Every structure is written in C-alpha cells, then in structure tokens.
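Note sheet for the following structure.
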Amino acid sequence: MKDAKEFVPRGIIPALITPLNSDESLNCDALARHIEYLIDNGVHGIFVSGTTGEFYALSLEEKRMMIRTAINTVKGRVPVYAGTGGITTKECIALTKMAEEEGVDAVSVLTPMFISPSQDDLYDHYKRIAESTSLPIILYNNVPRTGVNIAVKTVERLSQIDNIIGIKDSSGNFDLTSEYIRVTRNNPYFHVLQGRDTHILAGLTYGATGAIAATSNVAPALVVSIYENFMKGDMKAALDAQFRLAPLRMAFSLGTFPMVIKSALSMIGIDAGPCKSPVYDLKPAEKEQLRAVLEEMNLIKK
C-alpha cells in the first residue's frame with residue numbers, strides 16, 4: 001500500500017459535472033465520454049462528486065456509480081479524486097470508506113454545511129475522518145457555499161496528520177490562500193490547491209501545486225496551458241491564458257450553479273444534461289450572454 005503522505009496533488013484537476021438524463025438519472029456513458037475528452041486535452045487528474053458535480057443532490061449509490069465509472073474509464077492514466085463531504089462526521093467517514101473500497105487515489109472533504117462548528121470541532125471532524133482511512137485527504141474550504149471557514153491555524157494543525165496532505169481553497173480570498181501556503185511551506189507533504197479559477201496563476205506563483213477547476217470542464221486545454229506554461233517558466237503565456245479564461249469564470253453568475261457549466265458544455269457539443277431540480281435551465285437572455293463569452297474565447301464559432 002502506498003504511503004498517503006507521498007501523494008502529491010498537482011496540475012489541473014477538473015471538478016467534473018455529473019451528466020444526467022432528462023429524468024435526472026445518471027448518464028454514465030456521457031460521463032465516460034467527458035472524461036476521455038478531458039484526458040485528451042491534457043488534464044492531470046479527474047475529480048468526481050464534488051460541488052460542481054452536485055454531490056449534495058446525489059445518493060450514496062449515485063456517488064458510487066460516478067466513482068466506479070471514473071475509475072473504469074481512467075484506467076490509471078491520471079489520479080481519480082472523489083468528494084466525500086457531508087454535514088456529519090459519520091456521513092463523511094462512510095463516504096470516504098466507500099470511495100476507498102472503489103479504489104480512488106485521494107478524497108477531498110468539504111467543511112460541514114448548515115451548522116456552525118468551532119475550529120476545535122473542525123479539527124476533531126477531520127482528524128476522525130483521517131483515522132478512518134488510509135487514503136490521502138485534501139481539506140476543502142468553500143466559505144461562499146458553506147458559511148464555514150477553516151482557519152489558518154486549524155490548517156496548520158491538521159497538516160501535521162500524516163494522511164491529510166493538502167487543502168483546496170475556493171474562498172476567493174487570496175490572502176487566505178497565501179496564508180495556507182505560508183504556514184505549511186516547510187512541510188513537504190502538504191500541498192495547497194487553488195479552487196478559484198481566476199486565481200490559478202496567482203496560486204502557482206505563491207507555491208500552490210495546482211488547481212481543482214470547474215472551468216476546465218469546458219476549456220480544459222486553456223486551463224492546462226496556465227499550469228504547463230508556468231512550469232516551463234513562460235509567465236507571459238501563462239498570464240495570457242489566465243486572462244483568456246477569466247470571462248468564463250465570471251459568467252458563472254449568469255445562472256444557478258452549476259447550470260452555467262452544463263449550458264456551456266451543451267453549446268460546445270458535449271452532453272451534460274440538466275441539473276438536479278430545482279436548478280433549472282438558463283433564461284434565453286442569459287444563454288445569449290454565455291454564448292457570446294464562448295464565441296469570444298473561440299470555443300464555438302460566431
């Protein structure tokens with residue numbers, strides 16, 4: 001068995017949408033095709049059952065099928081990550097055990113939602129999850145969605161647990177991201193991933209090892225080019241790619257998340273289906289604005 005702390009989450013890891021049929025059942029064939037599209041475009045990992053994947057609306061068996069489809073499609077070409085977040089510690093442990101049984105490479109655990117745990121509560125929550133598995137665990141901070149923040153000191157404490165090997169920060173607060181990097185920079189086994197797609201290059205320049213990026217569902221080659229050009233030392237090309245990506249991330253405000261991503265995929269010819277209700281399709285005016293963004297990015301023809 002591999003040592004969890006040796007696992008390095010790196011590069012551009014798409015936070016996958018969950019393709020659905022018209023009756024909102026899983027479309028595993030579409031998921032497999034989408035994964036092939038992403039791997040063909042150079043992504044460095046595959047992430048299922050996360051926020052972009054509507055994890056909050058999926059049953060345990062639907063999550064299992066998502067993970068199983070991803071593993072069977074990827075066939076070891078890149079690491080497979082799974083989201084195993086929930087409100088209770090017991091639920092997170094159960095989801096993490098299921099993901100481990102299915103053979104994922106690592107899990108990402110979002111902070112609890114709806115409740116307001118203290119920092120000591122969060123430390124105990126993550127410590128117990130870590131003790132329940134041999135998998136590498138990536139903490140997941142997404143204050144805009146959960147209202148719960150993992151404090152810098154708490155991340156510093158949690159980074160000392162052997163199989164807690166990183167954090168994804170989707171707070172949008174780069175001061176916070178940079179502090180996560182600063183306080184763990186001397187720990188070679190802990191890594192920070194950017195979760196706000198407009199901050200990918202900024203994170204890399206500070207020492208982040210990559211990004212879990214929702215926009216890479218739609219424009220994987222462009223997002224990958226930010227990372228690859230940075231690694232080659234071509235900062236101009238990396239910055240140009242980051243600026244080209246920005247309008248797509250800013251367009252997320254056009255509709256209820258993650259409908260914008262699914263609508264964009266449909267416009268470029270990728271079958272994503274609807275979202276789980278009550279998240280419904282974009283209005284015609286919103287679709288026109290989104291199409292204009294995709295045309296400007298040369299993802300579809302004018």
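For segment 265-302, the set of residues classified as assigned to a helix (DSSP H, G or I), among the aliphatic types (A, V, I, L, M) and surrounded by 15 or more Cβ atoms within 10 Å (Cβ to Cβ) consists of Leu265, Met267, Leu290, Val293, Leu294, listed by residue number.
Working carefully through the options Asn149, Asn173, Asn141, find the one that is crowded, with 19+ Cβ neighbours inside 10 Å and either under 24 Å from Ala4 (Cβ atoms) or in contact (Cβ under 8 Å) with a residue 12 or more places away in the chain (or both).
Values: Asn149 fails: crowded, with 19+ Cβ neighbours inside 10 Å; Asn173 fails: crowded, with 19+ Cβ neighbours inside 10 Å.
Residue meeting the stated conditions: Asn141.
The residues of segment 54-79 that are of a type in the set (Asp, Glu) and either surrounded by fewer than 19 Cβ atoms within 10 Å (Cβ to Cβ) or in a helix (DSSP H, G or I) (or both), listed by number, are Glu61, Glu62. Condition first: buried (at least 24 other Cβ atoms within 10 Å of the Cβ), among the acidic types (Asp, Glu) and within 27 Å of Ala292 (Cβ to Cβ). Can you find one or more residues in segment 193-215 that meet it? Within segment 193-215, one or more residues are buried (at least 24 other Cβ atoms within 10 Å of the Cβ), among the acidic types (Asp, Glu) and within 27 Å of Ala292 (Cβ to Cβ).
Checking every residue in segment 59-78 against the condition of being touching a residue at least 24 places away in the same chain (Cβ under 8 Å), polar (S, T, N, Q) and within 18 Å of Ser134 (Cβ to Cβ) gives zero matches. For the residues Phe230, Phe252, Phe243, the requirement of being within 18 Å of His199 (Cα to Cα) and at pLDDT below 95 singles out Phe252.
Any residue in segment 163-171 that is modelled with pLDDT of 95 or more, more than 23 Å from Tyr56 (Cβ to Cβ) and of a type in the set (Asp, Glu)? So far as segment 163-171 goes, no, none of its residues is modelled with pLDDT of 95 or more, more than 23 Å from Tyr56 (Cβ to Cβ) and of a type in the set (Asp, Glu). Somewhere in segment 222-233, is a residue surrounded by fewer than 24 Cβ atoms within 10 Å (Cβ to Cβ), over 22 Å from Phe55 (Cβ atoms), without any contact (Cβ under 8 Å) to a residue 12 or more places away in the chain and hydrophobic (A, V, I, L, M, F, W, C)? Within segment 222-233, one or more residues are surrounded by fewer than 24 Cβ atoms within 10 Å (Cβ to Cβ), over 22 Å from Phe55 (Cβ atoms), without any contact (Cβ under 8 Å) to a residue 12 or more places away in the chain and hydrophobic (A, V, I, L, M, F, W, C). No other residue among Ile35, Ile12 is under 15 Å from the mean Cα position of the chain (by Cα), of a type in the set (A, V, I, L, M, F, W, C) and assigned to a strand (DSSP E or B) apart from Ile12.
Among the residues of segment 236-264, those identified as within 14 Å of Ile226 (Cα to Cα), in contact with a Leu (Cβ under 7 Å, 6 or more places away or on another chain) and either surrounded by fewer than 21 Cβ atoms within 10 Å (Cβ to Cβ) or β-branched (Val, Ile, Thr) (or both) are Leu239, Arg244. Scanning segment 75-87 for residues that are farther than 16 Å from Val107 by Cβ and in contact with a Pro (Cβ under 8 Å, 6 or more places away or on another chain) turns up just one, Ile87.
Take the residues in segment 15-32 that are among the small types (Gly, Ala, Ser) and part of a helix (DSSP H, G or I); name whichever of them is surrounded by the most Cβ atoms within 10 Å (Cβ to Cβ).
Residue satisfying both the conditions and the ranking: Ala30.
In segment 110-130, which residue that is part of a loop (DSSP other than H, G, I, E, B) and among the aliphatic types (A, V, I, L, M) is surrounded by the most Cβ atoms within 10 Å (Cβ to Cβ)? Residue satisfying both the conditions and the ranking: Met113.
The values are calculated or read from the model by the stated rules, or taken from the named source; none is laboratory data. Model, not experiment: these values are computed from the prediction. In this analysis, Cβ positions are derived from the backbone assuming ideal geometry, glycine residues included, and neighbour counts consider all displayed protein chains.
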